[in-house]
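Scroll down for the structure; my scribbles are underneath it.
Where a number appears in this text, it was derived from the coordinates with a stated rule and is not lab data. Note that the structure is a prediction, hence the values are computed from the model and not measured. Backbone-built Cβ (ideal geometry, glycine too); neighbour counts: all protein chains shown.
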C-alpha cells in the first residue's frame, strides 16, 4: 500500500460549555486570532499558524461526540521562540496554568515544550521550535 500524501495537521475541534472562557484563552491569552465565527452553529475558528483550532459551543452545537472522543489526551501548538524562560514568564503573566519545560519529541524533532491547561482542563502542549535542552 502506498502512503497517503499527508501534509500536516489541519485543525483540532474542541467542545466546550464555557465558550467565553475558552475563546479568551486561545484568542486573548495564547494569541490565536479569530478567523471565522458561525454563531448560528456555535462554531468559532481560530488561526494557529497553518492550522485551525475550532471551538464549538455545546449549548448550540448539537452533534453527538464520537465514540473515541473520551480518549483525547492533548494537542501541540508550535511557538516561534527558543526561550523557555521567556515562555514560562509570559504564561505566568497571562495567568495560564502550566508545568515546567521538558524535552519532548514532536513533528519538528526533539525540543523543549511546556504543558499548559485551558479553562476546560485540556492539556495544550506549547512546543518551542528550535529549542533543545541538549
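Here is how the numbers come out for the structure above:
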item: Those residues of the stretch 57-86 which are over 14 Å from the mean Cα position of the chain (by Cα), within 16 Å of residue 118 (Cβ to Cβ) and crowded, with 17+ Cβ neighbours inside 10 Å, in sequence order; result: 57
item: Matching residues in the stretch 12-30 - criterion: being exposed (fewer than 13 other Cβ atoms within 10 Å of the Cβ) and either in contact with a strand residue (DSSP E or B) (Cβ under 6 Å, 6 or more places away or on another chain) or free of Cβ contacts under 8 Å to residues at least 12 places away in the same chain (or both); result: 20, 28
